[in-house]
Amino acid sequence: MPTPVALSRRRMFELAGLAGVGMAASSALSGCAARRVADGTVTMATSNDGVWPDHLRESAAMFQARNPGCRIEFTPLPESALDAWLVARTAAGQAPDIVQLGVSAVSRYSRNGTAVDIAPYLPAGYMDSYLPVLAALVERDGKVFGLPKETTCMTCYYRRDVVDRIGARIPGSPEDGWSWDEFRQMCVEAKRITGRYGTSYGYINANSGNRWLPALYQRGGSLFDGTGTPAMSGPAAEAALEWSRSFYAEGLISLGNTVKASQADTAASLFTTGQVGFMVHEAQVSVLRKSMPDEQWGVTYLFTADRPATNLSGSVHVVTSSSPDPELAARFLHFASSPERSTPAIRDRGTISPFATVTPQDVGYRYRPDDIAISIEQLASVPESVGQDMATRDYQTVREVLGDALDLLFIGQASAAETAERIERGLANA
């Protein structure tokens, strides 16, 4: 069939992914494995992120003891090409019962049928216990497409020796964050001190352009307006883009730290080796704990403009359409991700609980609890519309659009106005 001219990137993914990759995978896998049948086994794919694997295995042992005949098995998520991996296995009916996704991937997989509704298997009103922005991300039209695992956001890290030489003040709240001009001038001073750059930025791969969004939000801008129409045209977006562009143009951020040039450890490596004085990043406390003495660094609130704002990040566990017993899978997921079971892992990881009902005191952070409290305060500045935007759009496509456009801006191949226009055109297909 000919492809319609107006076919969106999201629809192209559904057709090409499920009908292309999926059909190829089905023919490749169906010959060696029949679709699974309910036999009391729940398979769970999750990342190898620190303490979580041990926590989940402990939860599995407890759940199995309470549910004789049930068996929980674990498998690792692939380190790359998650889309192709998950689409292929879903098409063949061989995806794990439970899969961990980033918050930006939930919309894609709930809308193409990979992540299934688990609302019937949850206690009434259960989603009310989550932070509202996270509940909005996974809940749509009375259906629930997963349970949040943990969350975090962008904050600012600083080297104490650099801040002391600059004589910089340390903000006391999100509203008191360094102004854009103040932060930029400190980066100029930091570049002079380090002899290299002023700050690093927590881009981790070609599709992490969504981490730029705090600047847009702080100027009062947004990706979409109240009707869901792309809203990148206008002074707010252009001001945020131009401010960000200037850091690369003036050598305050390394050209090896653009969206597409960065790897997972790029920003932290620049920070820990003293090539920058500041680092803007999501949760890095556990990383720095292993690589820098405590007295050498600190955490503070993100810079701010017209209003404080940050992004939303984290992960969610979903039950897939491959599960032969989604009720059993949802019951285990509900048990393993409950506040009682997840809080010890949250404590040891130094991330933020997704539950509105869980306070920092409840978690009892052992390592640098004051720094984690800063991230928790900063998280409250995520705009209310973000969860809804992420739930109603293919946010994977949003990330791709941002990554493509921002990289051209940062390397000097496009102006702020051209970049805003390019993003707006791309968002129409999300």
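What follows draws every value from the coordinates through simple rules; no lab data is involved. Keep in mind that this is a model prediction, so the values were computed, not measured. A quick note on method: Cβ atoms are made from the backbone with ideal geometry, for glycine too, and the neighbour counts reach across all protein chains shown.
So here's what we get for this one:
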| item | result |
| --- | --- |
| Backbone N within the stretch 119-161 under 14 Å of label point (7 Å from GLU384 Cα along the Cβ vector) | 132-134, 136 |
| The chain, relative contact order in percent, only Cα pairs under 8 angstrom and at least six apart counted | 28 |
| Using alpha carbons only: equivalent-ellipsoid semi-axes of the stretch 73-174, gyration tensor based, whole Å | 37, 21, 11 |
| Normalised convex hull volume, the stretch 205-270, alpha-carbon set, Å³ per residue | 95 |
| FRET E, pair ALA38, PHE335, Förster distance 25 Å, beta-carbon r, rounded to 0.05 | 0.85 |
| Count of Lys pairs (Cα-Cα under 29 Å; at least 8 positions apart or interchain) in the chain | 5 |
| Spread of Cα-to-Cα distances over 5 Å intervals beginning at zero, given as percent, for the stretch 287-393 | 2, 9, 16, 17, 18, 17, 10, 6, 3, 1, 0 |
| Net charge dipole size for the chain [Lys, Arg +1 and Asp, Glu -1 on Cβ; Debye, nearest 20] | 740 |
| Helix 416-427 axis, angle to the chain major axis (alpha carbon atoms, nearest 10°) | 10 |
| Net charge over other residues, Cβ less than 14 angstrom from the Cβ of SER269 (K, R count +1; D, E count -1) | +2 |
| Amide proton proximity set for SER179, modelled H, under 5 Å, gap of 5+ | THR304 |
| Whole-Å distance, taken between Cα centres, linking the stretch 182-254 and the stretch 288-337 | 22 |
| Positive minus negative residues near ALA330 (Lys, Arg vs Asp, Glu; Cβ under 11 Å) | -3 |
| Quarter of Cα convex hull surface for the stretch 215-323, i.e. mean projection, nm² | 10.6 |
| Amide H contacts of PHE224 (H built 1.01 Å from N, under 5 Å, at least 5 apart or other chain) | ALA231 |
| Tail beyond 12 Å, pair distance distribution of the stretch 291-342 (Cα, percent) | 78 |
| Share antiparallel - DSSP beta bridges, the chain, percent rounded to 5 | 65 |
| Per-residue ³J(HN,Hα) for the stretch 286-293, Karplus 6.51 cos²θ - 1.76 cosθ + 1.60, θ = phi - 60°, Hz, x for Gly and Pro | 5, 5, 5, 4, 8, 10, 9, x |
| Net lengthening on full extension, ARG425/ASN205 (0.36 nm per residue, minus Cα-Cα) | 77.0 nm |
| Cα Rg over Rh - the chain, Kirkwood | 0.97 |
| Span per principal axis, largest first, for the Cα atoms of the stretch 125-208 (Å) | 54, 32, 20 |
| Whole-number D in µm² s⁻¹ for the stretch 343-426, Kirkwood Cα-pair radius fed into Stokes-Einstein, 10 °C, 1.306 mPa s | 101 |
